[in-house]
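Working notes, structure below.
The values are calculated or read from the model by the stated rules, or taken from the named source; none is laboratory data. It should be emphasised that the depicted structure is a prediction, and the values quoted were computed from it without experimental measurement. Heads up, the Cβs are rebuilt from the backbone with ideal geometry, glycines too, and the neighbour counts pull from every protein chain shown.
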Amino acid sequence: MKPVEFHPNATAELDAAVGYYEQCAPGLGIDLRKDVETAVQKIQAAPLRCSPYTKRTRRFLIRRFSYLVVFLELADKILIVAVAHGKRHPGYWHDRI
């Protein structure tokens, strides 16, 4: 399996989303983080099973929270370019690839 690396902005997005959901209900942000960690494990195990998203990226949908884990499969690693809400500002992360 290829190693997984998060773009710094993707890490910041995840941290912000976790903080927001923790303010909404204690434990909810932790659930989001666990769901993202599970998604990353599934991506790492079988990246081609994820849906193509843009020309070079694929996505994994976290249905419970309506978040997308958007990634690039590179020769030596998998790069998570965004942890994005599925309904807000689509494509804002394109300049990261």
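State which residue is farthest from the chain's Cα centre (by Cα) when the search covers only segment 13-43 and only residues that are among the β-branched types (Val, Ile, Thr) and more than 23 Å from Tyr92 (Cα to Cα).
Top of the filtered list is Ile30.
Pull up segment 44-65, narrow it to residues that are part of a loop (DSSP other than H, G, I, E, B) and without any contact (Cβ under 8 Å) to a residue 24 or more places away in the chain, then point me to the one that is farthest from the chain's Cα centre (by Cα).
The extreme case among them is Lys55.
If I go through segment 66-92 residue by residue, how many of them are out of contact with any His (no Cβ under 8 Å at 6 or more places or on another chain) and assigned to a loop (DSSP other than H, G, I, E, B)?
So the answer is 11.
How many of the residues making up segment 63-92 are surrounded by 15 or more Cβ atoms within 10 Å (Cβ to Cβ), in contact with an Asp or Glu (Cβ under 9 Å, 6 or more places away or on another chain) and either modelled with pLDDT of 95 or more or closer than 12 Å to Phe6 by Cβ (or both)?
Qualifying residue count for the region: 5.
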